[in-house]
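**Q** Have a look at this one.
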Amino acid sequence: MTSSNDVAPIRREPPTFRRLSVIRVQTITPYLSRVRLGGEALEGFVIEAPASSVRLLLPPAPDQSLVVPTWNGNEFLFDDGSRPSIRTFTPLESEPDSIALDIVHHQGGVVSDWVQAVKPGGEAAISGPGRGYSVDQNAAAFVIGGDETAMPAIGQLLAEIPPHVATDTIIEVRDPAATVPLPESESRMLSWVVRPDGQSPGTSLERQLRKTETPPGVKVWVAGEAASMHRIRKFYFDERGLERRDVTVRGYWKHGR
């Protein structure tokens, strides 16, 4: 007899994967590559909100064909029960027949290894879009934070925030050469924080956010390494006492995985 505790939860099935091919790969910084994917399968694909997401599916190996897994009610799996290589990214832009993704290079990372080796014509697929962020046009101020993986989303948020609204943006990078251009205005303060060698990802970001004021009416959006995001979330709720409706903190990746 099977108890209810032994039954895997049923989750809503994500959007179907769309098979695409690599159009080109660009080097943006020594630590960041931009891949543009295209194909007829993008017909009808629309991104409506900034900081939205897509799942990126890769072939099992560089010399193998793309295989689309099956949704089992809880996760995507191949027929043999193994898990596919799927990662989540913020799409920079979506055109009728192409989409661009910025991929940060992580040593040993499945997708970073792929993007540094793939050639035009290589296979991939995306599923989405996932949830975005609705920018409150009436907010008194914003605090925006993240690491290199959050730069595409941060750029989109800054483009949506009214230029006259006071905005503190803090971004942690591994090296000054990892910075990218972002929307500017006289009401915005942008701080690039370089993470010292050997320091856990997100530590410098957290330290700087603790020094940043959160005036009445502020909205907070932060994304990056999962463990540091857990600490930052607790800081805003437990120490600053901000309301949950005013704080969005998202874990984008896990250090060591």
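The values are calculated or read from the model by the stated rules, or taken from the named source; none is laboratory data. Here the structure is a predicted model, which is why all the values come from computation and not from measurement. All Cβ positions, glycine included, derive from the backbone under ideal geometry; neighbour counts span all protein chains shown. Heads up: the accessible areas ignore ligands, DNA and RNA and are worked out on the full protein's heavy atoms, side chains in. Shrake-Rupley method; radii C 1.70, N 1.55, O 1.52, S 1.80 Å.
**Q** Within the stretch 76-91, take every residue that is part of a strand (DSSP E or B) and open to solvent by less than 50 Å² (accessible area, probe 1.4 Å) and give me the one that is nearest to Leu157 (Cα to Cα).
**A** Going residue by residue through the stretch 76-91, those that are part of a strand (DSSP E or B) are 76-77, 86-89, 91.
Filter once more, so that each one left must be open to solvent by less than 50 Å² (accessible area, probe 1.4 Å): 76-77, 86, 89, 91.
On the way: Phe76: 30, Leu77: 34, Ile86: 25, Phe89: 15, Pro91: 13 Å.
Among those that are part of a strand (DSSP E or B) and open to solvent by less than 50 Å² (accessible area, probe 1.4 Å), it is Pro91.
**Q** Condition first: closer than 15 Å to Ile99 by Cβ, out of contact with any Gly (no Cβ under 6 Å at 6 or more places or on another chain) and open to solvent by less than 30 Å² (accessible area, probe 1.4 Å). Now tell me which residues in the stretch 17-32 satisfy that.
**A** Of all residues in the stretch 17-32, those closer than 15 Å to Ile99 by Cβ come to 17-26.
Checking the rest, the ones that are also out of contact with any Gly (no Cβ under 6 Å at 6 or more places or on another chain) come to 17-19, 24-26.
Phe17, the sole residue that qualifies.
**Q** Now, a different point. Limited to the stretch 61-75, what total is found for residues that are in contact (Cβ under 8 Å) with a residue 12 or more places away in the chain and either in a strand (DSSP E or B) or more than 21 Å from Arg12 (Cα to Cα) (or both)?
**A** The number of residues fulfilling the criteria is 5.
**Q** Restricting to the stretch 40-60, and then to whatever is open to solvent by 70 Å² or more (accessible area, probe 1.4 Å) and closer than 11 Å to Gly128 by Cβ, can you tell me which residue is farthest from the chain's Cα centre (by Cα)?
**A** So, considering only residues that are open to solvent by 70 Å² or more (accessible area, probe 1.4 Å) and closer than 11 Å to Gly128 by Cβ, the one farthest from the chain's Cα centre (by Cα) is Val46.
**Q** Tell me which of these Asp63 doesn't satisfy, since it passes every other one: (1) exposed (fewer than 15 other Cβ atoms within 10 Å of the Cβ); (2) within 19 Å of the chain's Cα centre (by Cα); (3) among the acidic types (Asp, Glu).
**A** Here Asp63 clears every test but (2).
**Q** So, one more: Spot the failing condition for Phe235; the list is (1) touching an Asp or Glu at 6+ places or on another chain (Cβ under 9 Å); (2) modelled with pLDDT of 95 or more; (3) surrounded by 14 or more Cβ atoms within 10 Å (Cβ to Cβ); (4) closer than 27 Å to Ile103 by Cα, and only one is missed.
**A** Result: Phe235 passes all but (4).
**Q** Then there is this: Suppose we filter the stretch 164-178 for residues that are surrounded by 14 or more Cβ atoms within 10 Å (Cβ to Cβ) and out of contact with any Asp or Glu (no Cβ under 9 Å at 6 or more places or on another chain); how many remain?
**A** Keep residues of the stretch 164-178 that are surrounded by 14 or more Cβ atoms within 10 Å (Cβ to Cβ), which gives 165-174, 178.
This time we only want the ones that are out of contact with any Asp or Glu (no Cβ under 9 Å at 6 or more places or on another chain), so: 165-167, 169-170.
Result for the stretch 164-178: 5.
**Q** Please work out which one of (1) in contact (Cβ under 8 Å) with a residue 40 or more places away in the chain; (2) surrounded by fewer than 20 Cβ atoms within 10 Å (Cβ to Cβ) is the condition Lys219 fails and give its number.
**A** (2)
**Q** Would a scan of the stretch 154-163 turn up a residue that is under 30 Å from Arg18 (Cα atoms), in contact (Cβ under 8 Å) with a residue 40 or more places away in the chain, of a type in the set (Asp, Glu) and touching a helix residue (DSSP H, G or I) at 6+ places or on another chain (Cβ under 6 Å)?
**A** No, the stretch 154-163 contains no residue that is under 30 Å from Arg18 (Cα atoms), in contact (Cβ under 8 Å) with a residue 40 or more places away in the chain, of a type in the set (Asp, Glu) and touching a helix residue (DSSP H, G or I) at 6+ places or on another chain (Cβ under 6 Å).
**Q** Hey, another quick one. Of Ala153, Ala177, which residue is touching a Ser or Thr at 6+ places or on another chain (Cβ under 8 Å), within 21 Å of Phe235 (Cβ to Cβ), in a helix (DSSP H, G or I) and among the hydrophobic types (A, V, I, L, M, F, W, C)? Give the steps one after another, and end with the answer.
**A** Numbers: Ala177 fails: within 21 Å of Phe235 (Cβ to Cβ).
Unique residue meeting the criteria: Ala153.
Yes/no per residue for (1) surrounded by 18 or more Cβ atoms within 10 Å (Cβ to Cβ); (2) among the hydrophobic types (A, V, I, L, M, F, W, C):
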site	(1), (2)
Ala153	yes, yes
Met189	no, yes
Val194	no, yes
Ser200	no, no
Leu209	yes, yes
Thr212	no, no
Pro215	no, no
Ala226	no, yes
Glu243	no, no
